[in-house]
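Undergrad: Before I ask anything, here is the structure I am working with.
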Protein chains: 2
Amino acid sequence: MRTAPNIARVFNALGDPTRRAIVERVSQGPVSVSELAKPFKITLAAVVQHSQVLEAGGLVRTRKTGRVRTCSLQAKGFDLATAWMMDRKSLWNRRLDRLGALLDEEA
Amino acid sequence: MRTAPNIARVFNALGDPTRRAIVERVSQGPVSVSELAKPFKITLAAVVQHSQVLEAGGLVRTRKTGRVRTCSLQAKGFDLATAWMMDRKSLWNRRLDRLGALLDEEA
């Protein structure tokens, strides 16, 4: 079952420190899941689970070639989260602008 | 005790659906904590707790005037998270560029 990344899945994925560390490692280049497990001192099963959560959030993509599963970065989740944050900030700034205009009118 | 926002605090704050909903509401304009509690059908104490987590993540700011605590948006957390995501993506893209250059050399 494939699940489409959405805001909830992206931020759920990024809310965990080990998963953010995985994203930092993967952003330096594709890496096998077993290589990923080493610095984190967690089991391979735990890394696989984390990578699935990151994949559901559209932040990484994994591909199996023979017996090796490789993890690489995916843009989708980053774009979703960045857009969500930009939207919130711009709504807020527009509101401040309107408030400023109202104050100017009254001045 | 005031805690400086950092990446861990921002993503921890945004990892929760109620807190994201609070950010969406606050991005439309400042709102009192008791107003915030209404649509979420949660206690005032729970909203206060959520707003403290959001404040630690630099996403909102609260100010008490008399007996009313008002919640407004803060840019800091958004900027931190956006910068972190941009950095990850640009590291990845630079790596892809280098890989492309290597392939061109070998062609």
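The values are calculated or read from the model by the stated rules, or taken from the named source; none is laboratory data. Treat the numbers as computed from the prediction; the structure is a model and nothing was measured. Positions of Cβ are backbone-derived with ideal geometry, glycine not excepted, and every protein chain shown enters the neighbour counts. Only protein heavy atoms, including side chains, enter the accessible area calculation; ligands, DNA and RNA are left aside. Shrake-Rupley method; radii C 1.70, N 1.55, O 1.52, S 1.80 Å.
Undergrad: Leaving ligands and nucleic acids out of the surface, order B:THR43, B:THR82 by accessible area at 1.4 Å, largest first.
TA: Result of the area sort, largest leading: B:THR43, B:THR82.
Undergrad: Could you pull the accessible area for B:LEU102 with a 1.4 Å probe, rounded to 10 Å²?
TA: 90
Undergrad: How far, in nm, would the chain grow between A:ASP79 and A:GLU24 when pulled straight, counting 0.36 nm per residue and subtracting the alpha carbon separation?
TA: Extra length from A:ASP79 to A:GLU24 when fully extended: 18.2 nm.
Undergrad: What figure in square angstrom, to the nearest 10, would you give for the accessible area of B:ASP87 with a 1.4 Å probe?
TA: Counting only protein heavy atoms, B:ASP87 exposes about 80 Å² to solvent.
Undergrad: Per residue, how much accessible area does the protein assembly as shown show when a 1.4 Å probe rolls over the protein heavy atoms, in square angstrom?
TA: Normalised by residue count, the accessible surface of the protein assembly as shown is 58 Å².
Undergrad: Any idea which of A:VAL26, B:TRP92, B:LEU14 is furthest toward the positive side of the dipole for the protein assembly as shown, if Lys and Arg beta-carbons carry +1 and Asp and Glu beta-carbons -1?
TA: Positive-most Cα among the choices belongs to B:LEU14.
Undergrad: Add -39500 (n - 2.57) for each DSSP H run of 4 or more in chain B, then divide by its residues: what number comes out at 222 nm, to the nearest 500 deg cm²/dmol?
TA: -21500 deg cm²/dmol
Undergrad: Taking the Cα centre of each part, how many Å lie between region B:49-74 and region B:1-36?
TA: If we compute the Cα centre of each part, the gap is 8 Å.
Undergrad: Further question on the same structure: Name the trypsin sites (Lys or Arg not before Pro) in region A:1-77 that are in a loop by DSSP and that have at most 11 other C-beta atoms within 10 Å, would you?
TA: Taking region A:1-77 and a limit of 11 other Cβ atoms within 10 Å, the loop trypsin sites (Lys or Arg not before Pro) found are A:ARG2, A:LYS41, A:ARG67.
Undergrad: Another one. Taking a quarter of the surface of the Cα convex hull of region B:7-106, what do you get in nm²?
TA: Mean orientational projected area (region B:7-106, Cα hull): 7.5 nm².
Undergrad: For the protein assembly as shown, what are Rg and Dmax over the alpha carbons, in angstrom?
TA: Here Rg and the maximum Cα pair distance are 20.4, 72 Å.
Undergrad: Hey, another quick one. How big is the dipole moment of chain B about its Cα centre under a simple scheme where the beta carbon of each Lys and Arg is +1, that of each Asp and Glu is -1, and everything else is neutral? Debye, nearest 20, please.
TA: Dipole size: approximately 840 debye.
Undergrad: Here's a follow-up. What Kirkwood hydrodynamic radius do you get for region A:67-107 when you take the inverse of the mean 1/r over all pairs of distinct Cα atoms, in Å?
TA: 13.3
Undergrad: Report, by chain and number, residues whose modeled amide H sits under 5 Å from the one on A:VAL60, excluding near sequence neighbours (fewer than 5 apart, same chain).
TA: HN-HN under 5 Å from A:VAL60: A:GLU55, A:GLN74.
Undergrad: I want to check a number: in chain B, how many lysine pairs have alpha carbons closer than 28 Å, given a sequence separation of 8 or more or different chains?
TA: So the count works out to 5.
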